[in-house]
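Written below as structure tokens is the structure these notes are about.
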Amino acid sequence: MHRRVRIGVLVLIFLTIATGCSKDNNILERAGYVRTVGFDAEKGDMIRVTVNIPIIIAEASETQQQEEIFSKIVRSSKEARILMQRKTSRKMVSGQINTILFNEELSRRGLWSHMDTLLRDFTISKRTEIAVVEGAARDIIETHLPGHSRTNQYIDRLLKKEFENQTLPHVLLHHFCRDYFDEGRDPITPVLTRSDKDLEVNGIALFKKDRMVGKLSASDIFYFSIMYHDQNRGEFTLGLNRPELYSISFHAINNSTRKTISKTPEGKYRVEIKIDIHGGITEYIGNLKMSTSERAELEQILSRHIEEECNRIVKKMQQLGVDSIGIGQHIRNKVSYKEWRAFYKDNYIQDMDIVVHTSFKVKNFGNFFY
């Protein structure tokens, strides 16, 4: 008798689990997981919200990959969600969003009202990638780019690859929001643009709080990155059209950045940024011999050039009044709270004396010696 009771209980447990799995499958099949969201500025305070929902349709032995794309002009993203929900047979789910795109015009208006909405939604990961796009985010999301995977996958993989290779500062939703609230650092995002049949990372957007106020070009990314943080990989190509250095490429870039704080006789803060860089040469076109003492001459040329470019970028940030590399954060950690409160004000970076010094060392130059 007891054995029959045990068997009956096990059968009931199995049926309960099986029933639960069946319900989960039904929910999964009917869910539409949003992967990419785009925000574009429209007239007045209106915005256009565009979403991409990948769909896999299994028919007999064949599997087809399709997409549902919806776009609405609304006052807020939640209003867009309600209106879009009426057009799809699936329940829209935000928990799988990989990338959020803002067009440049909207970014210059200010993003915080949209960021605030994203933060309040607990289903959206704070590790979601964000980027500013030149042109319309809608055009990028809706366009199929020949030769690439689905556009939502292409954008996600493109940004992840750049982050992992450290050719671009790692910026996610929670990084942007952290820097928005931090008194000693301003937010940044990568900039994406459409280039014929491809997408490319075309620079870095500089923000003052939540408003985009300027942009660094793609050629500035390396110089900005070595001031932004230490890195232990990455690539760098430089051409100066000089006999000693027509073109050179490096791999495995490794840099160490230190910021030293002092005060001038006038009482102004002076910041010295010292950057030590090492890299291996993968290509060199020039008339210097790497296996001789002439390598030191090349290192001096590289050090001076990188130093000039870094100082130029610092001057641009000072003109815009943005502290995108966290100089104020470093000062705040070195001085007392009272001294920091007396110093801190809007556009504080404009009144500072900032100088960058760099030292480049070639750690290897290949297997060919001459």
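Taking other residues whose beta carbon is less than 14 angstrom from the beta carbon of residue 286, and scoring Lys, Arg as +1 and Asp, Glu as -1, yields -2.
What helices does the chain hold that run 15 Å or longer along their axis, going by alpha-carbon atoms, with a Kyte-Doolittle average of 0.0 or more, using DSSP H for the helix calls?
Helices meeting the criterion: 2-30.
A cut-off of 5 Å between modelled amide H atoms, ignoring neighbours fewer than 5 places along the same chain, links residue 92 with 32. With R₀ set to 45 Å, the beta-carbon distance separating residue 270 from residue 249 gives a calculated FRET efficiency near 0.80. On full extension, the segment bounded by residue 46 and residue 209 gains 56.6 nm, given 0.36 nm per residue less the C-alpha separation.
Near the amide H of residue 97, within less than 5 Å, lie the amide hydrogens of 125, all on another chain or at least 5 residues away, with H placed in the peptide plane. Tally up the carbon and sulfur contribution to the accessible surface of the chain as a whole percent, 1.4 Å probe, everything protein left in place. Within the chain, the accessible surface is 50 percent carbon and sulfur.
Counting DSSP beta bridges in the chain, what percent are antiparallel, to the nearest 5?
Details: 53 of 78 bridges.
The answer is about 70 percent antiparallel.
Working note: 222 nm ellipticity from helices only, DSSP H runs with n ≥ 4, each -39,500 (n - 2.57), summed and divided by the residues of the chain, gives -11000 deg cm²/dmol to the nearest 500. Using the 1.4 Å probe convention, the accessible area of the chain works out to 52 Å² per residue with neighbouring protein chains retained.
Suppose every K and R has +1 on its Cβ and every D and E has -1 on its Cβ; what is the size of the dipole of the chain about the Cα centre, in Debye to the nearest 20? Show your work: numbers first, answer last.
Values: 55 positive and 48 negative charges, 323 e Å.
Computed charge dipole of the chain: roughly 1560 debye.
Distant-in-sequence amide contacts of residue 198, defined by a placed amide H-H separation under 5 Å and a gap of 5 or more residues or a different chain, comprise nothing.
The values are calculated or read from the model by the stated rules, or taken from the named source; none is laboratory data. This is a predicted model, so every value here is computed, not measured. Positions of Cβ are generated from backbone atoms using ideal geometry, with glycine treated the same way; all protein chains shown enter the neighbour counts. We work out accessible area using only protein heavy atoms, side chains counted, and drop any ligands, DNA or RNA first. Shrake-Rupley method; radii C 1.70, N 1.55, O 1.52, S 1.80 Å.
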